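J.: The structure follows.
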Amino acid sequence: MIESKIKVLRKAAQVSTVQDSDKIWCVIAGNEEMVNNVAYAAISAKERVKIVFREHVNLKESFVRKKFDFIMLHGDSNIIRELSLICKENGGAYLKIAPYYVKNESNLILLVAPDNAIKKFAGDAEKDNIKFSFILEDKTTGFIETDVSITNHLPKLLRDVVDPLFKLTDMVLSTILISTDEQYIKQIKKVANSNQIFVVEFKEIIEEE
């Protein structure tokens, strides 16, 4: 399935048109294998889409370490649409950020974290009277890897049996795009960092492009 989509992407990237398709931004998040597939497909269509950055995140909560990846892309909307299908078919979260949002929404900020951390962030921001608006949101439906460090102390034979049970997690990963006023940006970053949320200020990405 992945290989067939990559062939389609390669053909699409080679097709020259009089007028290029609109360029859009997108963020894809989920388990490492899914993001690897998206990255590979994006590289196969590198003439029409660019990998802006990719992050591998490890979050430790008590004895549990949660692992996930996310990637930001920019390029041809048709190619990115195909990449989004790889994401959604494999349980990932996907945000399509059209030029409209970049032009018309002030101070866009991307947040990526487990869903419970995002909800905690929203609650903390409300308590501190930090104003922001939700623009886009998506959540994973697929497998997200976790490690439980307490199993490291078990005998290997028992650990081999127990580890897979802990790795089967129902953790939901959320990707959120918000808009806020300039005065709240530092506060939002502070609250997000305290909740172990990955934060990207969108204008910094645009300035680098």
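J.: Give just the number: which of (1) at pLDDT 90 or above; (2) surrounded by 16 or more Cβ atoms within 10 Å (Cβ to Cβ); (3) assigned to a helix (DSSP H, G or I) does Thr151 not satisfy?
T.: (1)
J.: Anything in segment 43-52 that is assigned to a strand (DSSP E or B) and out of contact with any Phe, Trp or Tyr (no Cβ under 9 Å at 6 or more places or on another chain)? List them, or say none.
T.: If the condition is that a residue be assigned to a strand (DSSP E or B) and out of contact with any Phe, Trp or Tyr (no Cβ under 9 Å at 6 or more places or on another chain), then Val49, Lys50, Ile51 are the ones that fit.
J.: Something else now. Go through segment 52-62 and give me each residue that's without any contact (Cβ under 8 Å) to a residue 40 or more places away in the chain and within 15 Å of Met34 (Cα to Cα).
T.: Within segment 52-62, Arg54, His56 meet the criteria.
J.: Across segment 181-196, what is the total count of residues that are within 16 Å of Lys127 (Cβ to Cβ) and touching a residue at least 12 places away in the same chain (Cβ under 8 Å)?
T.: Residues meeting the conditions: 7.
J.: Here's another thing I want to ask about it. Given the criterion modelled with pLDDT of 90 or more, surrounded by 13 or more Cβ atoms within 10 Å (Cβ to Cβ) and in a loop (DSSP other than H, G, I, E, B), identify the matching residue among Ile185, Ile130.
T.: Ile130
J.: What number of residues within segment 63-75 are in contact with a helix residue (DSSP H, G or I) (Cβ under 9 Å, 6 or more places away or on another chain), in contact (Cβ under 8 Å) with a residue 60 or more places away in the chain and either of a type outside the set (Val, Ile, Thr) or assigned to a helix (DSSP H, G or I) (or both)?
T.: Going through segment 63-75 one residue at a time, the tally reaches 7.
J.: Inside segment 42-70, can you point out the residues that are crowded, with 23+ Cβ neighbours inside 10 Å and closer than 20 Å to Glu204 by Cα?
T.: At the first step, the residues of segment 42-70 found to be crowded, with 23+ Cβ neighbours inside 10 Å are 42, 45, 49, 68-70.
Of everything in segment 42-70, those that are crowded, with 23+ Cβ neighbours inside 10 Å and closer than 20 Å to Glu204 by Cα turn out to be Val49, Phe70.
J.: Select from segment 76-101 the residues that are among the polar types (S, T, N, Q) and part of a helix (DSSP H, G or I) and write down the one among them that is farthest from Arg54 (Cα to Cα).
T.: Taking segment 76-101 as the starting set, the residues that turn out to be among the polar types (S, T, N, Q) are 77-78, 84, 90.
Narrowing further to those that are part of a helix (DSSP H, G or I): 77-78, 84.
Numbers: Ser77: 19, Asn78: 21, Ser84: 16 Å.
Here the residue is Asn78.
J.: Can you name the residue in segment 102-125 that is in a strand (DSSP E or B) and among the aliphatic types (A, V, I, L, M) and, of all such residues, is nearest to Val64 (Cα to Cα)? Step through it out loud before you land on a result.
T.: Kept after step one, since they are in a strand (DSSP E or B), are these residues of segment 102-125: 108-114.
Next cut, among the aliphatic types (A, V, I, L, M) only: 108-113.
Values: Leu108: 31, Ile109: 27, Leu110: 25, Leu111: 21, Val112: 18, Ala113: 15 Å.
Taking the candidates together, the pick is Ala113.
J.: Then there is this: If a residue has to be under 12 Å from Trp25 (Cβ atoms) and modelled with pLDDT of 95 or more to count, how many in segment 98-110 make the cut?
T.: The total comes to 2.
J.: Filter segment 81-96 down to the residues that are touching a Ser or Thr at 6+ places or on another chain (Cβ under 6 Å) and surrounded by fewer than 18 Cβ atoms within 10 Å (Cβ to Cβ) and list them by number.
T.: Gly91 - this is the single residue of segment 81-96 that is touching a Ser or Thr at 6+ places or on another chain (Cβ under 6 Å) and surrounded by fewer than 18 Cβ atoms within 10 Å (Cβ to Cβ).
J.: Say we look at segment 97-118 and pick out the residues that are touching a residue at least 60 places away in the same chain (Cβ under 8 Å) and over 25 Å from Leu59 (Cα atoms); which of these is surrounded by the most Cβ atoms within 10 Å (Cβ to Cβ)?
T.: Applying the filter and picking the extreme gives Ile97.
The values are calculated or read from the model by the stated rules, or taken from the named source; none is laboratory data. Owing to the predicted nature of the structure, the values given are computational and were not obtained by experimental measurement. Neighbour counts run over all protein chains shown; Cβ positions are idealised from the backbone, glycine included.
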